[in-house]
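This report refers to the structure that appears directly beneath it.
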Amino acid sequence: MRATLAGAEQLVVQGRPPSLPAGIRIYAFGDVHGRLDLLDELLAEVDADLTAHPVDKAIFVFLGDYIDRGNCSRETIDRLIERREKGEHVFLKGNHEQIALKCLSDPALFDRWLRLGGTETLASYGIEAGNKVKIAELQAAFHHALPPAHIHFFRGLQPSFASGDFFFAHAGVKPRTPLARQTEKDLLWIREPFLNSTEDFGKIVVHGHTPGYEIDVKRNRINIDTGAYATNRLTCLVMEGSSLSYIDTLKS
């Protein structure tokens, strides 16, 4: 069930409230991090919302970080691949997908990835990353375990997406840099100086990457990463015209 987004009235882009073109509704999903249970619950609620409130064009935007930390990374990717058959979906790249993909060719990144939650992702693919397992063995096992469909999915992730007065990126944007000139590094990894910036970016930035328990609304951005892997709260922002609401997995 949708709830009103607190603080939405403060959003301003180019001196006016932001909006989407008529006939479009966007469902934007925060960081999943291997929590297939929460993803399935939220998808069911979103699908029910769309059935109850039809729209000309629904776009499902996923903000990245589908893997790591939770126990069902592989299964989460399977579910997202299945979703592509059900309407228009946009899958953005998160920093966790970026580093996992790079580990296929750069073993020097493996230790860092494991500390970021890669151990749980490998386990979901049937690979145990114990203290005595060599990095070269883990890399080879990961190569072997990744289905071609998953490799194709990872390589096809987008760095950003825009519609109407909204710009979607996993982490955010670099202030004082036009949206068209943002680097992938900033789109996937930035925190400061983005989070404290008060500048008008030209569009409202919808992002994740920095977890918190509540949706964080500032005049120039909306953070919908509600820390699902730790809080059990996975959030979907619902956007239509100038209306903003949300659906989440929080039990009342």
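The values are calculated or read from the model by the stated rules, or taken from the named source; none is laboratory data. Here the structure is a predicted model, which means the values were calculated and not measured. We place every Cβ from the backbone using ideal geometry, glycine too, and count neighbours over all the protein chains shown. Each accessible area value is taken on the protein alone, full model and side chains, heavy atoms only, with ligands, DNA and RNA left out. Shrake-Rupley method; radii C 1.70, N 1.55, O 1.52, S 1.80 Å.
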note = Rounded to whole angstroms and listed largest first, the alpha-carbon spread of region 24-102 along its three principal axes comes to 39, 21, 19
ask   = Given a 1.4 Å probe and every protein chain left where it sits, what share in percent of the accessible area of region 48-91 is carbon and sulfur?
value = 44 percent
remark   = For region 45-86 the GluC sites (Glu not before Pro) that pass both the DSSP coil test and the at-most-14 other-Cβ-within-10 Å test are Glu85
inquiry  = Compute the orientation-averaged projected area for the chain from the convex hull of its Cα atoms and round it to one decimal in nm².
reply    = 13.3 nm²
ask   = What residues have an amide H closer than 5 Å to that of Leu234, excluding those fewer than 5 places away on the same chain, when H is modeled at 1.01 Å from N in the peptide plane?
value = Thr249, Leu250
request  = Rank Val206, Ile222, Pro193 by how far each Cα sits towards the positive end of the charge dipole of region 153-252 (+1 on Lys, Arg Cβ; -1 on Asp, Glu Cβ) and give me just the farthest.
outcome  = Pro193
inquiry  = Using only the Cα atoms of region 1-50, what are the Rg and Dmax in Å?
reply    = 14.2, 41
request  = Between the alpha-carbon centers of region 215-252 and region 130-175, tell me the distance in whole angstrom.
outcome  = 23 Å
remark   = Note, region 51-68: 3J(HN,Hα) by Karplus (6.51, -1.76, 1.60, θ = phi - 60°), whole Hz, Gly/Pro = x, goes 5, 6, 10, x, 9, 4, 9, 9, 10, 9, 10, 10, 8, x, 6, 7, 10, 6
task = With 23 Å as the limit, write out which pairs from Lys57/Lys86; Lys57/Lys251; Lys102/Lys185; Lys93/Lys174; Lys102/Lys134; Lys93/Lys203 have Cα-Cα distances beyond it, or answer none.
result = Lys57/Lys251
ask   = Which of Asp56, Asp40, Asp186 moves the most in a Gaussian network model of the chain with Cα springs under 10 Å?
value = Asp56
task = Have a look at Gln158, Gln182, Gln14 and tell me which one the Gaussian network model of the chain (Cα, springs below 10 Å) gives the largest fluctuation.
result = Gln14
message = Eigenvalues of the Cα gyration tensor times 5, then square-rooted: what semi-axes does that give for region 126-224, in whole angstrom, largest first?
response = 34, 16, 12
ask   = Build a GNM of the chain with springs between Cα atoms under 10 Å: which of Ile224, Ile59, Ile204 gets the top mean-square fluctuation?
value = Ile59
note = Applied in sequence order to region 31-47, the curve 6.51 cos²θ - 1.76 cosθ + 1.60 (Karplus, θ = phi - 60°) yields integer Hz couplings, x standing for Gly and Pro, of 4, 8, 6, x, 8, 4, 4, 6, 4, 4, 4, 5, 4, 4, 5, 5, 4
task = Counting only DSSP beta bridges with both residues in region 132-252, tell me the antiparallel percent, nearest 5.
result = 70 percent
note = Whole-percent carbon and sulfur contribution to the accessible surface of region 151-218 (1.4 Å, no ligands, DNA or RNA) stands at 51 percent
request  = Grab the other residues whose beta carbon is less than 15 angstrom from that of Tyr66, score K and R as +1, D and E as -1, and report the net.
outcome  = -3
ask   = Heavy-atom accessible area per residue, the chain, 1.4 Å probe: how many Å²?
value = 45 Å²
task = State the answer as a single residue: which of Ala48, Leu36, Ile59 lies farthest towards the positive end of the charge dipole of region 1-131, with beta carbon charges of +1 for Lys and Arg and -1 for Asp and Glu, about the Cα centre.
result = Ile59
request  = Place a +1 charge on the Cβ of each Lys and Arg in the chain and a -1 charge on the Cβ of each Asp and Glu, then give the dipole magnitude about the Cα centre in debye, rounded to the nearest 20.
outcome  = 640 debye
Helical contribution to [θ] at 222 nm, DSSP H n ≥ 4, -39,500 (n - 2.57), averaged over the chain, rounded to 500 = -8500 deg cm²/dmol
